[in-house]
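Enquirer: Dropping the structure in here first, questions after.
The values are calculated or read from the model by the stated rules, or taken from the named source; none is laboratory data. This is a predicted model, so every value here is computed, not measured. In this analysis, Cβ positions are derived from the backbone assuming ideal geometry, glycine residues included, and neighbour counts consider all displayed protein chains. Only protein heavy atoms, including side chains, enter the accessible area calculation; ligands, DNA and RNA are left aside. Shrake-Rupley method; radii C 1.70, N 1.55, O 1.52, S 1.80 Å.
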Amino acid sequence: MIPLFLVLIYVLIQGGRLISLQLLTELPPAPGLEGGGIGNAILGTIVVTLIASLIAIPVGVGGGVYLSEYAQDGWFSKFVRFGNDVLAGVPSIICGVFIYSLIVATRIFFDQSFSAMAGGIALSVLMLPTVIKTTYEGLLLVPQEMRMGAYGVGASRFVTITQITLPAAFTPIATGVVLGIARAAGETAPLIFTALFSPFWPEGLFNPIATMSVLIFNFAIMPYEAQNELAWAASFVLVIMILGANLLARWISHATRA
Amino acid sequence: MASDVCMSLQDVTISYGSFEAVKNVYMDLPKGKVTAFIGPSGCGKSTVLRALNRMNDLIPGCSLKGRVIFDQHDLYDKRVDPVEVRRRIGMVFQKPNPFPKSIYENIAFGARINGYKGDMDELVERSLRKAAVWDECKDKLKESGFSLSGGQQQRLCIARAIATEPEVILMDEPCSALDPISTLKIEETMHELKRSYTIMIVTHNMQQAVRVADMTAFFNAEAVEGGSGKVGYLVEFNETENIFNSPSQQSTLDYVSGRFG
Ligand SMILES: Nc1ncnc2c1ncn2[C@@H]1O[C@H](COP(=O)(O)OP(=O)(O)OP(=O)(O)O)[C@@H](O)[C@H]1O
Ligand SMILES: [Mg+2]
């Protein structure tokens, strides 16, 4: 707890004092100039995280449903779950390098190399294990009698899963998804190799895009006061967003349990 | 097959993995009547009941040999869709298992997926009334099914089964979680329902079997040599009156007179 508070307080003091409307809505200044903001990086983080969620949530929930509702509890299912746990432990930089060689280096999307899409895909790989695991474990908690009840009134397996079982496991799944998003939103390493950075507003999904984590990485080490301050401000915004996501996850698990 | 037979079990043996839970059951369950399954714990009553709407399909390792004829078809024929079977043969379980939805939606769910086109409000009220739980529910239809007591939940589940208007309703100890007054209400419901439905009920309550059932099947279980557990079998199947007053088997007499099990 103490390290958490030290980090929070330091970031809040260093970054919080800089926050203004201008900071949230303007582009960063050219090196050596004053003022400007981190508007493009905030937008970029939202875009990249959204892409990641749009991929990881359906695939991850689908995978969790498959493991819990369709797969026999045999060696294959065990193997997939083991693989999933291993994937969860893979350092994020390896995800970045992997997507770099798969998508960026091959210029697979419209001959573009670094892109928001590649960044989103890299983050989705990071989110996937969390989503699969929480979906699978959430579904295991749904009592078998509940499924029986649905089958007993003539529901097919698909209807049972989509209308009874998944809603019954909504709380753990939603909590896991939100925590997965919060984790992905703050990642830097996989984005350096994939989304790169841009001093401009986002120019579409298949161009490089600025994100807050990469902005921090780039600006914190620049020899310019203005850029250093923007890095602190971005840290502040990122911490607040992640804190907000964690509070949201807590709120979901409380509000829906009653 | 006679037209007054609803379902016919022909040499049915049900196994969990390699363990044979019930063996060689022959039974003609009459249409439009209430049939009770009685017998000591573990003799396979629930297993046989679940076989009647292919609910056992959902238990890994459970398999059935023999034939279960319903409406001129073998329920276990490859061409038969188990989902369709369960639409026509509804089930109420031993433990109340309402859906995590509102009381209203608990009833409407089954009706909707079965393509019900009529007035849903009316169906919900009618089903809840038939299951003798309307008075407790009418002011809280939008609240969760879990906000009811255990006994009320069970009656909600009965209402849910009725709402899909199946031809047959299977009930596995539906009253084991109910107080005597709601039990009586459910029994009245069953008398009402058997005009339009065929009902099979598993019960441990002898008086209940006498009160509601036209026919009674007595199951028992005995250890077999080399077997891993007790194997259930059908001892006697007859009019309820005969089973309780002049059974043909000694073990039936012992059981119904309370000297056993
Ligand atoms: N899901 C299952 N997996 C393996 N064996 C089972 C399963 N369900 C029941 N059995 C076995 O099958 C036999 C019959 O069980 P069943 O539940 O049909 O008995 P029952 O007559 O309904 O008993 P009770 O009156 O206690 O409900 C028992 O020996 C039981 O251990
Ligand atoms: Mg039973």
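Enquirer: Restricting attention to segment B:154-167, and to residues there that are open to solvent by 10 Å² or more (accessible area, probe 1.4 Å) and within 11 Å of chain A (Cβ to nearest Cβ), which single residue is nearest to A:Glu145 (Cα to Cα)?
Expert: Filtering segment B:154-167 for residues that are open to solvent by 10 Å² or more (accessible area, probe 1.4 Å) and within 11 Å of chain A (Cβ to nearest Cβ), the one nearest to A:Glu145 (Cα to Cα) comes out as B:Thr164.
Enquirer: Would you mind telling me which numbered condition in (1) open to solvent by less than 80 Å² (accessible area, probe 1.4 Å); (2) at pLDDT below 80; (3) more than 16 Å from ligand 2 (Cβ to nearest atom) B:Ser228 fails?
Expert: Against the list (1) open to solvent by less than 80 Å² (accessible area, probe 1.4 Å); (2) at pLDDT below 80; (3) more than 16 Å from ligand 2 (Cβ to nearest atom), B:Ser228 comes up short only on (1).
Enquirer: Continuing with the same structure: For segment B:171-188, enumerate the residues that are modelled with pLDDT of 80 or more and either more than 16 Å from ligand 1 (Cβ to nearest atom) or under 11 Å from B:Ala131 (Cα atoms) (or both).
Expert: Within segment B:171-188, B:Asp179, B:Pro180, B:Ile181, B:Thr183, B:Leu184, B:Lys185, B:Ile186, B:Glu187, B:Glu188 qualify.
Enquirer: Looking at this structure, is B:Leu141 without any contact (Cβ under 8 Å) to a residue 60 or more places away in the chain, open to solvent by 10 Å² or more (accessible area, probe 1.4 Å) and away from chain A (no Cβ under 14 Å)?
Expert: yes
Enquirer: Still on this model: Scan segment B:64-87 and give yes if some residue there is surrounded by fewer than 24 Cβ atoms within 10 Å (Cβ to Cβ), of a type in the set (S, T, N, Q) and within 14 Å of chain A (Cβ to nearest Cβ), otherwise no.
Expert: Checked segment B:64-87: no residue is surrounded by fewer than 24 Cβ atoms within 10 Å (Cβ to Cβ), of a type in the set (S, T, N, Q) and within 14 Å of chain A (Cβ to nearest Cβ).
Enquirer: I would also like to ask the following. I need the helices (runs of 4 or more DSSP H) fully contained in segment A:71-157, keeping only those with at least 3 residues that are farther than 30 Å from B:Phe99 by Cβ and in contact (Cβ under 8 Å) with a residue 60 or more places away in the chain.
Expert: In segment A:71-157, the matching helices (runs of 4 or more DSSP H) lie at A:92-99, A:116-140.
Enquirer: I would also like to ask the following. Have a look at B:Gly32, B:Gly17 and point out the one that is touching a residue at least 40 places away in the same chain (Cβ under 8 Å) and either touching a helix residue (DSSP H, G or I) at 6+ places or on another chain (Cβ under 8 Å) or within 16 Å of ligand 1 (Cβ to nearest atom) (or both). First the steps, then the outcome.
Expert: Working: B:Gly32 fails: either touching a helix residue (DSSP H, G or I) at 6+ places or on another chain (Cβ under 8 Å) or within 16 Å of ligand 1 (Cβ to nearest atom) (or both).
One residue alone meets the criteria, B:Gly17.
Enquirer: Can A:Thr171 be described as polar (S, T, N, Q) and either out of contact with any Lys or Arg (no Cβ under 9 Å at 6 or more places or on another chain) or within 14 Å of another protein chain (Cβ to nearest Cβ) (or both)?
Expert: The answer is yes for A:Thr171.
Enquirer: I'm trying to understand the selection: among the residues of segment B:202-231, which are assigned to a strand (DSSP E or B) and out of contact with any helix residue (DSSP H, G or I) (no Cβ under 7 Å at 6 or more places or on another chain)?
Expert: Within segment B:202-231, B:Ala217, B:Ala221, B:Glu222, B:Ala223, B:Lys230, B:Val231 meet the criteria.
Enquirer: Which of the residues spanning segment B:160-177 are more than 25 Å from B:Pro30 (Cβ to Cβ) and away from ligand 2 (no atom under 16 Å from the Cβ)?
Expert: B:Arg160
Enquirer: Continuing with the same structure: Name the helices (runs of 4 or more DSSP H) wholly inside segment A:168-258 in which the number of residues that are open to solvent by less than 20 Å² (accessible area, probe 1.4 Å) is 3 or more.
Expert: On the way: elements: A:170-185, A:189-192, A:212-220, A:225-255.
Here the list reads A:170-185, A:212-220, A:225-255.
Enquirer: Pairs, please: C-beta under 6 Å, at least 6 apart or cross-chain, first residue at negative phi and more than 10 Å from chain A (Cβ to nearest Cβ) and in segment B:94-105, second of a type outside the set (Gly, Ala, Ser) and not in a loop (DSSP other than H, G, I, E, B)?
Expert: Taking only residues 6 or more apart or on different chains, the pairs are B:Ile103/B:Cys137; B:Tyr104/B:Val124.
Enquirer: On to the next question. Just one of (1) outside any helix (DSSP H, G or I); (2) in contact (Cβ under 8 Å) with a residue 40 or more places away in the chain trips up A:Val48, so point out which.
Expert: Only one criterion is unmet by A:Val48, namely (1).
Enquirer: Another question, if that's okay. Select from segment B:49-63 the residues that are under 25 Å from A:Phe158 (Cβ atoms), within 13 Å of chain A (Cβ to nearest Cβ) and open to solvent by less than 20 Å² (accessible area, probe 1.4 Å) and list them in ascending order.
Expert: Scanning segment B:49-63 gives B:Leu52, B:Asn53, B:Met55, B:Asn56.
Enquirer: So, in segment B:14-48, how many residues would count as being in contact with a Lys or Arg (Cβ under 7 Å, 6 or more places away or on another chain) and open to solvent by 10 Å² or more (accessible area, probe 1.4 Å)? I'd like the intermediate steps shown before the answer.
Expert: The first filter runs over segment B:14-48 and keeps only residues in contact with a Lys or Arg (Cβ under 7 Å, 6 or more places away or on another chain), leaving B:32-34, B:37, B:39, B:42.
Going one step further and asking which of them are open to solvent by 10 Å² or more (accessible area, probe 1.4 Å), we end up with B:32-33, B:42.
Looking only at that region, the number is 3.
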